[in-house]
Amino acid sequence: MSTETQTLTFSVTVDVPPSMAYHAFTSNTALREWLSDGADVVPKPGGRMLLLWLSGFSMWGKFTLLAPNEAITFDWYGSDEPGPTRVALAFEPDGAGTKITLTHAGIGRD
């Protein structure tokens, strides 16, 4: 049994204000427009997150932090994945846009 895990961090700047970037991760409609084929989210601490893809992959989890327009954290339970992971998003104003930093921790857990 492996106890070693990986953390991946990615950043991108998008040409929208932080409020719109935050909305893209907390709205059923917005998530279906850019990320998944199906979405059912309840954006409040402890609220559910369910994303579905036509490929058969799905993820479910719960929001653990919601700081409007600043940060989101949620647990990630992916179908066929060995265990739960944690996704953290940070939204920072960057000129006329927003720098989004995504950190996915706990990858590779048995």
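The values are calculated or read from the model by the stated rules, or taken from the named source; none is laboratory data. Bear in mind that the values here come from a model prediction, so they are computed numbers and not experimental data. Neighbour counts run over all protein chains shown; Cβ positions are idealised from the backbone, glycine included. Just so you know, the surface numbers come from the protein's heavy atoms only, side chains and all, with ligands and any DNA or RNA stripped out. Shrake-Rupley method; radii C 1.70, N 1.55, O 1.52, S 1.80 Å.
Kindly indicate whether Glu70 is out of contact with any strand residue (DSSP E or B) (no Cβ under 9 Å at 6 or more places or on another chain) and among the charged types (D, E, K, R). No, not satisfied.
Looking only at residues in the range 62-109 that are of a type in the set (Val, Ile, Thr) and closer than 19 Å to Met49 by Cα, which one is nearest to the chain's Cα centre (by Cα)? For the range 62-109, the residue satisfying everything is Val87.
For the chain, the strands (runs of 3 or more DSSP E) that sit wholly inside it and include 1 or more residues that are touching a helix residue (DSSP H, G or I) at 6+ places or on another chain (Cβ under 8 Å) are 6-14, 38-41, 48-52, 71-78, 85-94, 97-107. Return yes when Arg109 is among the charged types (D, E, K, R), modelled with pLDDT of 95 or more and under 20 Å from Gln6 (Cα atoms) and no when it is not. In short, no. Could you tell me whether Thr29 is open to solvent by 30 Å² or more (accessible area, probe 1.4 Å) and of a type in the set (Ser, Thr, Tyr)? Here the answer is yes, as Thr29 does meet what is asked. Residues in the range 52-110 that are over 18 Å from Leu31 (Cβ atoms), surrounded by 14 or more Cβ atoms within 10 Å (Cβ to Cβ) and among the aliphatic types (A, V, I, L, M): Ala90, Ala105, Ile107.
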